[in-house]
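The values are calculated or read from the model by the stated rules, or taken from the named source; none is laboratory data. Only a predicted model underlies this, so the values are computations on that prediction, with no experimental measurement involved. Counting neighbours? That spans all protein chains shown, and the Cβs are built from the backbone with ideal geometry, glycine included.
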Amino acid sequence: MFRQIWLITSANLKAIPQRLGPAIVMAIGVGTAVGVLTALMAMASGLANTLIRTGNPDRVVVMSKDAGYESASVLDQDHVLALAQAPGVARIRDGIPALSRDVIANVDLEARTGVLSGVVVRGISPEGFAIRPEIKLSHGRMMRSGLHEMIIGRATQLQFDGVEVGDQVHLDDNRWLIVGVFTSGDTHESGFITDADTLLSVYGRTVVNSVVVKLEHSDAFDTLSDALMDHAALAFEVVRESDYYLRLSGRMSMLGDIADVVGSIMALGALFCTLNVMYSAVSARDVEIATLRAIGFGAPGILASIVIESLLIAVAGAALGAGAAWAIFNGDVATMGFGRSSITYQFEIKYDVLSTALLWSCIIGFFGALFPAIRAVRTPITSVLRPL
Amino acid sequence: MIRYAPIVLAGLWRKPLRTILTGAAIAAAFLLFGLLNGFKAGFDSLVDDFSDARLRVHNRTSAWNGLPLAHVELLKAIEGVKYVSYAEGLSAYYQEPSEGVVASGIDADNLTKVFHELLLDPVHFDAFRRSRTAALVGKDLAAEYGWQIGDRIPLISRKWTNVDGSNTWTFDIVGIWDIDGPLPSNEFYFHYPYLDEARDEDKGTVWGYSVIVQDPEQAALVAKRIDEAMLNSATPTRTLAEKEWANNQLRQLGDVEFFVNAIVGAVFFSILAVTGSAMMQSMRERIPEFAVLKSFGYRSDIVTLIAFLEALVISVGGSTVGLGLAVFGLSPLLALLGSAVSIPIPSDIFVAAVFIAISLAVVSTVAPALHIHRASVVDALAGR
């Protein structure tokens, strides 16, 4: 049987140049659908990955009870002290607790697109860098404590003009100097980082927004959480950092949903186009197929050859479509509003997106050929050959 | 043209599956066209509905930083300003932290002057003014929790503590309002002093001001004046016309326009190529049939017309189905995405769709038309 499939398929494929028109048309239909799908998936994927990468399950965000968001949370010195002594908290050298007092400030900047966007300025403790090893300085230097200096995330520079090392940003009465650029691959890269105490003193505050704690080990979450929730005098909200950002990303799923809806409609359209082309192709070859059957080629072989031919054209079209999407969109930067800030993310067309695109094209190619092929092998041979 | 109907219909039903599939592909394309354009147009029209005469004043550094209440006198003194109102958010939820409520302490004296779209019984408004703990609830919010006039509702603030040491703030609902316009109708208004007198932090600050200008034509100028006047104060302002502010909020979602255009463009290139070619191929196969018509004495241009009508029926039929689905599907789709807005698809999209459907029919008939003209009856009947 495989030999039959091979014979018929290779004959069909060699004949494609004669029937180039329909093949190209089908490839265009599938290619466009897959190309658009790829671009949409790249967008949703880039955004989702940026969010997922923010938020390490080994870290915990501690806020005031029922705050929900860091910006609505207020923790004073008593809270911080209680945290420093709580069980389950990792230690950096010399027994210093691995926690960062985080202070959140906001600044509205005009993006390159003209949209006024909120950007987060996060003040962290010096230990904050130790517990967040993903934050790496790529240009310039770190800010010096006490001075109005801050470092900017690489993604932020993609979104705004005038934020290079050496530029200044107005935060209320003060001008802050950008002294370095950092990368982290997550949502923090869409903002600024500075020293928590400097930020506090500028705003005349003594309370911080949240405390980010590194756990001794991943399972220590319950130990820490229980200790804090049972605390006699103080009230806390304790969330694993990964869960915190997952909760915030609720609105982001809208993008994925849009991609799913649009993609499905496009795929359906491509399926109709493929079916149309394959029905035509099969009916144009009805004499050939009937002859093959008459001389003894089995139905499976013929079925398989038609489906294989369709799959090859569909995949070829998809490759062109995905390739075009890659060429046009890969690495492109887009921004989406995210609470009080925005996330700048890149379109990522990588393995997962491409393999889904390939899968879609195979599904379209397969079902687009299956029904015509079945009809081809079920039509009585005599009714096709008799008119000759 | 009606007398050609039987021939046209016969032609369409010659290969029913092909006709249906072609029509279905066109329908899918126009479904996308309708949905995406409806989405986009919805946003545009939403922005348009916002007020021309109202300005939003916020802290220049960040809208979240707030402004001092003291600014209100400075604002009222600016040339071109008619009414000034302010609001401060409670950052609250009802019962569960996940049930956030947009509750704001407002300026009772000026609320209705600045937000004239507010539909509220004056009797209820009077009751509101007379009680310190009174609250006015938007009808959608009241419906969501089943609140009624006379209810005593506790809200919990994430940020501020009441005089009793708890984060609970209790209100008496004295009125339910609706809004005539695009502003949300699920907000909760109470008296600003109730919050400000009791809280320890951020005293004397507001989230922002809303300003009504004397002359809407002068709105941009007044906005500039406000910002210039506040430039040297401790808290400079950023004043935007409400329309501009709304547009900015929406654009923060991402560059919707670019993506809609890109997707619609890709979709259309695709269907034009595929269905146009499918129809062309179908026509080519039927040259002998058209030749038969010619042998009966039908002129070439009539035969071409018949072919065109066939293509037209498929493309208009397909586009009608597609757009029809879009019209019915847009609201459920938006609800699925979490939006409560109901957006009708604007009429110029239908006009554009008709134009495109007709063009598709024309384009796919052009090449076959040439064949029809050139087809010699003898050759055609011979099957060559």
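Odds and ends about this structure:
- Filtering region B:158-175 to residues that are away from chain A (no Cβ under 12 Å), of a type in the set (D, E, K, R) and not in a strand (DSSP E or B) leaves only B:ASP164.
- When A:HIS170, A:HIS217 are checked against the criterion of being surrounded by fewer than 16 Cβ atoms within 10 Å (Cβ to Cβ), touching a Ser or Thr at 6+ places or on another chain (Cβ under 8 Å) and not basic (Lys, Arg), A:HIS170 stands alone in meeting it.
- Residue count, region A:81-125 (criterion: more than 14 Å from every other protein chain (Cβ to nearest Cβ) and assigned to a loop (DSSP other than H, G, I, E, B)): 9
- Note on region B:253-270: among residues that are crowded, with 18+ Cβ neighbours inside 10 Å and at the interface with chain A (Cβ under 7 Å from one of its Cβ atoms), the one that is farthest from B:ASP48 (Cα to Cα) is B:SER270.
- Selection within region A:16-32 - surrounded by 14 or more Cβ atoms within 10 Å (Cβ to Cβ) and away from chain B (no Cβ under 14 Å): A:ILE16
- Qualifying residue in region A:184-201 (condition: in contact with an Asp or Glu (Cβ under 8 Å, 6 or more places away or on another chain) and within 14 Å of chain B (Cβ to nearest Cβ)): no
- Subset of region B:92-118 [within 14 Å of chain A (Cβ to nearest Cβ) and either in a loop (DSSP other than H, G, I, E, B) or within 22 Å of B:GLY181 (Cβ to Cβ) (or both)]: B:TYR94, B:GLN95, B:GLU96, B:PRO97, B:SER98, B:GLU99, B:VAL101, B:VAL102, B:ALA103
- Hits in region B:21-52 - residues which are in a loop (DSSP other than H, G, I, E, B) and surrounded by fewer than 20 Cβ atoms within 10 Å (Cβ to Cβ): B:ASP49, B:PHE50, B:ASP52
- Residues satisfying the stated conditions in region A:154-183, i.e. free of Cβ contacts under 8 Å to residues at least 24 places away in the same chain and aromatic (Phe, Trp, Tyr): none
- Residue list for region B:71-90, filter: in contact with a helix residue (DSSP H, G or I) (Cβ under 7 Å, 6 or more places away or on another chain) and among the β-branched types (Val, Ile, Thr): B:ILE78, B:VAL81, B:VAL84
- Filtering region A:324-350 to residues that are at pLDDT 85 or above, more than 10 Å from chain B (Cβ to nearest Cβ) and surrounded by fewer than 17 Cβ atoms within 10 Å (Cβ to Cβ) leaves only A:ALA327.
- Residue among B:ALA220, B:ALA198, B:ALA143 that alone is within 23 Å of B:ALA63 (Cβ to Cβ) and small (Gly, Ala, Ser): B:ALA220
- Residue within region A:211-234 that is within 30 Å of B:ALA28 (Cβ to Cβ), in contact with a Gly (Cβ under 9 Å, 6 or more places away or on another chain) and hydroxyl-bearing (Ser, Thr, Tyr) present: no
- Selected residue (only one of B:LEU141, B:LEU74, B:LEU155, B:LEU136 is surrounded by 18 or more Cβ atoms within 10 Å (Cβ to Cβ) and not in a strand (DSSP E or B)): B:LEU141
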